[in-house]
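Have a look at the structure that comes next, please.
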Amino acid sequence: MIEKDTLLEEQEYVINMGPQHPSTHGVLRLVLSLQGEIVKNIQPHCGYIHRGIEKMSEKLTYPQIIHLTDRLDYLSAHINNGAVCLLVENALEAEVPERVKYIRTIIDELTRIASHQLWWCSFGMDLGGLTCFFYGLRDREDILDIFEETTGGRLIQSYYTPGGLMNDIHPNFQKRVKQFITKFRKILPEYDQLLTGNVIMQQRTKGVGKLSLEEAVSYGVTGPSGRGSGFSCDVRKHAPYHLYDKVEFKEALATEGDTFARYKVRIDEMWESMKIIEQLIDNIPEGNYSTKMKPIIKLPEGEYYQRVEASRGEFGIYVVSDGNKNPYRIKLRSPNFSNLSALNTMAKGQKIADLVAIGGSLDYVIPDIDR
Amino acid sequence: MQKIKRNHKHPLPMNVDALKEKILAFVPQAEVIEGKQYPEVTVPAGKLRALAKELKESDETYFDYLFNLTAVDWPDQSLGVVYHLTSSKHHHYLVLKVKAANRETPVIDTVSDIWRTAEFHEREAYDLMGIQFKNHPDMRRIFLEENWVGHPLRKDYNDEINIVER
């Protein structure tokens with residue numbers, strides 16, 4: 001009888017990627033089943049920073065909940081704040097001044113650009129291009145400075161309140177935003193020169209981590225990741241809020257569904273965001289920056305849902321109200337949670353190094369997954 | 001490479017009445033209300049899977065995108081699941097609601113094979129609200145530790161150490 005040479009036989013083995021791994025961008029643990037370098041199966045383990053925000057919110061008032069939504073996807077802090085404010089305003093049928101809508105739309109889009117800049121940094125770095133990291137962070141600084149001047153905060157600002165804004169924009173706001181747009185219009189093509197055209201980058205992303213349209217819809221993969229697969233899921237188009245039904249912009253779409261498509265959608269989105277800001281920045285009407293709301297906000301009994309387009313996809317808030325000042329039940333539908341569920345489908349059969357590229361293109365923010 | 005053709009000439013989205021008629025023809029016991037925001041349908045737990053499949057596969061409804069799935073501990077002491085649906089083709093909405101038979105062993109059929117996103121969302125609902133989803137491929141806790149006692153989002157959950165009442 002010939003004994004089998006077990007050393008050379010193919011074997012599956014299991015390793016942990018994370019919870020402390022630079023490419024998971026936070027405390028996410030992926031348990032990988034490997035055959036050599038090929039990933040056979042991925043089991044994400046979430047919950048390392050589960051803070052129970054939904055449970056906490058059941059004891060908080062609506063203006064207080066705004067401050068917790070910052071801490072979900074901290075890179076779309078303003079957009080998440082906006083979701084709570086819109087939900088309360090729509091439930092109470094409160095009309096906010098035009099000025100507020102203009103400012104909110106501009107700030108939301110600035111947030112989106114800042115978020116995509118940071119994504120571009122870290123995506124470049126995930127693929128080994130450290131230079132990107134410095135370029136991206138350098139340009140993001142300009143937006144953070146604008147935010148700091150107006151809102152007082154750089155990362156988590158809680159600038160929106162039900163009915164309006166915390167305070168009016170800084171007198172320099174319009175000037176600085178315009179300066180930034182002029183500057184960034186020249187800088188963004190540099191991003192293309194530096195990374196998009198790079199042969200190594202293209203080889204590592206084209207055809208890697210494919211997700212078909214049907215899979216994207218079924219897994220609820222939204223935002224740039226879903227649009228990279230051709231899933232037209234932009235809430236700004238399909239359920240407009242703020243001023244998105246008044247401004248002109250294209251929904252960035254790609255059909256390839258691979259890592260490079262998701263990359264291209266995000267770059268296109270930065271151009272579109274700049275277009276939106278340019279249409280609004282000179283026309284901010286005079287008026288109040290806030291309407292007077294009751295000191296204690298109570299939502300009428302019923303169920304409410306608010307969808308907004310955060311930088312990583314569709315963010316939703318579902319509130320069941322029993323008529324009290326705090327919600328009976330609140331559910332935060334975070335885009336990253338659904339996007340993560342498709343990771344196994346995307347990365348099965350690919351190499352570990354490709355998994356890093358795919359993870360980078362999904363751009364997950366872990367506090368948003370764990371909540 | 002597979003090319004995706006986008007069909008722009010799709011029929012107009014169904015209005016609430018047509019939707020109501022269709023659902024009632026399929027599940028006569030269903031309760032359909034217009035709702036403030038989205039039309040809402042409450043179905044018996046036994047009929048959920050059949051209706052969900054029909055709503056997704058039928059060309060008229062084509063609810064292929066489950067944008068939210070959550071569990072609620074309703075004020076009348078019952079545990080339920082709420083499904084928020086929309087269509088990538090028609091862009092109309094529907095909210096599906098089911099209630100579990102009891103609090104002790106709440107069991108509801110899984111829809112994770114109809115909408116894959118439900119796989120994670122159902123695990124979350126199990127973890128935080130304790131609803132078991134029948135035939136789910138991987139019914140484990142998703143956020144909390146395996147040996148955690150209880151399901152925190154239930155209204156009767158008690159944790160003397162970590163929850164401080166003011």
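The values are calculated or read from the model by the stated rules, or taken from the named source; none is laboratory data. This structure is a prediction, so every number in the text was calculated from the model and none was measured. Here Cβ is always computed from backbone atoms with ideal geometry, including for glycine, and neighbour counts include all displayed protein chains.
For residues that are buried (at least 17 other Cβ atoms within 10 Å of the Cβ) and free of Cβ contacts under 8 Å to residues at least 60 places away in the same chain, tally how many sit in the range A:280-296.
Count: 0.
Given A:Gly323, A:Gly360, A:Gly349, which one is farther than 22 Å from A:Tyr159 by Cα, touching an Asp or Glu at 6+ places or on another chain (Cβ under 8 Å) and in a loop (DSSP other than H, G, I, E, B)?
Answer to the selection: A:Gly323.
Name the residues in the range B:117-140 that are under 25 Å from A:Asn41 (Cβ atoms), part of a loop (DSSP other than H, G, I, E, B) and touching a Leu at 6+ places or on another chain (Cβ under 9 Å), would you?
Listed by number, the list holds a single entry, B:Thr117.
Scan the range A:343-353 and give yes if some residue there is charged (D, E, K, R), facing another protein chain (nearest Cβ under 9 Å) and in contact (Cβ under 8 Å) with a residue 12 or more places away in the chain, otherwise no.
No, every residue in the range A:343-353 fails to be charged (D, E, K, R), facing another protein chain (nearest Cβ under 9 Å) and in contact (Cβ under 8 Å) with a residue 12 or more places away in the chain.
Suppose the filter is of a type in the set (Asp, Glu), within 14 Å of chain B (Cβ to nearest Cβ) and either in contact with a helix residue (DSSP H, G or I) (Cβ under 8 Å, 6 or more places away or on another chain) or assigned to a loop (DSSP other than H, G, I, E, B) (or both); does A:Glu215 pass it?
yes
If A:Ser232 satisfies every condition in (1) in contact with a His (Cβ under 8 Å, 6 or more places away or on another chain); (2) more than 14 Å from every other protein chain (Cβ to nearest Cβ) but one, which is the exception?
A:Ser232 satisfies all of (1) in contact with a His (Cβ under 8 Å, 6 or more places away or on another chain); (2) more than 14 Å from every other protein chain (Cβ to nearest Cβ) except (2).
Tell me which residues, restricted to the range B:43-57, are within 14 Å of chain A (Cβ to nearest Cβ) and either of a type outside the set (A, V, I, L, M) or in a loop (DSSP other than H, G, I, E, B) (or both).
B:Lys53, B:Lys56, B:Glu57
Okay, next question. Please pick out the residue among A:Leu299, A:Leu253, A:Leu332 that is in contact (Cβ under 8 Å) with a residue 24 or more places away in the chain, in contact with a strand residue (DSSP E or B) (Cβ under 7 Å, 6 or more places away or on another chain) and part of a loop (DSSP other than H, G, I, E, B).
The match here is A:Leu299.
Table: residues versus (1) over 22 Å from B:Lys20 (Cβ atoms); (2) within 13 Å of another protein chain (Cβ to nearest Cβ); (3) among the small types (Gly, Ala, Ser); (4) buried (at least 23 other Cβ atoms within 10 Å of the Cβ).
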residue: B:Asp59; (1), (2), (3), (4): no, no, no, no
residue: B:Leu66; (1), (2), (3), (4): no, yes, no, yes
residue: B:His92; (1), (2), (3), (4): no, yes, no, no
residue: B:Val107; (1), (2), (3), (4): yes, no, no, no
residue: B:Thr110; (1), (2), (3), (4): yes, no, no, no
residue: B:Asp113; (1), (2), (3), (4): yes, yes, no, no
residue: B:His121; (1), (2), (3), (4): yes, yes, no, yes
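Assuming A:Leu60 fulfils every condition listed in (1) out of contact with any Pro (no Cβ under 9 Å at 6 or more places or on another chain); (2) within 13 Å of chain B (Cβ to nearest Cβ); (3) of a type in the set (A, V, I, L, M, F, W, C) apart from one, which condition is it?
The one condition A:Leu60 does not meet is (1).
Being closer than 29 Å to A:Ala347 by Cβ, modelled with pLDDT of 90 or more and either in contact with a Lys or Arg (Cβ under 9 Å, 6 or more places away or on another chain) or among the polar types (S, T, N, Q) (or both) narrows it down to one of A:Ala261, A:Ala252, so name that one.
A:Ala261
Mind listing whichever residues of the range A:134-173 are assigned to a helix (DSSP H, G or I) and acidic (Asp, Glu)?
Those that are assigned to a helix (DSSP H, G or I) and acidic (Asp, Glu): A:Asp139, A:Glu141, A:Asp142, A:Asp145, A:Glu148, A:Glu149.
Over 19 Å from A:Ile284 (Cα atoms), among the basic types (Lys, Arg), buried (at least 22 other Cβ atoms within 10 Å of the Cβ) and under 22 Å from the mean Cα position of the chain (by Cα): does that describe A:Arg138?
So A:Arg138 does not fit the description; no.
Might you let me know whether the range A:183-201 holds any residue that is closer than 21 Å to B:Phe63 by Cβ and buried (at least 20 other Cβ atoms within 10 Å of the Cβ)?
no
Run down A:Lys250, A:Lys206 and say which single residue is surrounded by fewer than 16 Cβ atoms within 10 Å (Cβ to Cβ) and either within 12 Å of chain B (Cβ to nearest Cβ) or aliphatic (A, V, I, L, M) (or both).
The match here is A:Lys206.
Within the set of pairs 6 or more residues apart or between chains, which connect a residue that is within 10 Å of chain B (Cβ to nearest Cβ) and free of Cβ contacts under 8 Å to residues at least 24 places away in the same chain inside the range A:307-320 to a residue that is surrounded by 24 or more Cβ atoms within 10 Å (Cβ to Cβ) and not in a strand (DSSP E or B) with Cβ atoms less than 7 Å apart?
Correct list of pairs: A:Val320/A:Pro327.
Condition first: more than 30 Å from A:Glu214 (Cβ to Cβ), hydrophobic (A, V, I, L, M, F, W, C) and not in a loop (DSSP other than H, G, I, E, B). Now tell me which residues in the range A:256-285 satisfy that.
Once the filter is applied, which keeps residues that are more than 30 Å from A:Glu214 (Cβ to Cβ), hydrophobic (A, V, I, L, M, F, W, C) and not in a loop (DSSP other than H, G, I, E, B), the range A:256-285 yields A:Met274, A:Ile276, A:Ile277, A:Leu280, A:Ile281.
Given the criterion of a type in the set (Lys, Arg), closer than 26 Å to A:Ile66 by Cα and at pLDDT below 90, identify the matching residue among A:Arg371, A:Arg329.
None of the others qualify; the one that does is A:Arg371.
While we're on this one: Against the conditions (1) crowded, with 21+ Cβ neighbours inside 10 Å; (2) away from chain B (no Cβ under 12 Å), where does A:Phe337 fall short? Just the number, please.
Among (1) crowded, with 21+ Cβ neighbours inside 10 Å; (2) away from chain B (no Cβ under 12 Å), A:Phe337 violates only (2).
Here is a follow-up. Checking B:Arg154 against (1) within 13 Å of another protein chain (Cβ to nearest Cβ); (2) without any contact (Cβ under 8 Å) to a residue 60 or more places away in the chain, which single condition isn't satisfied?
It fails just one condition, (2).
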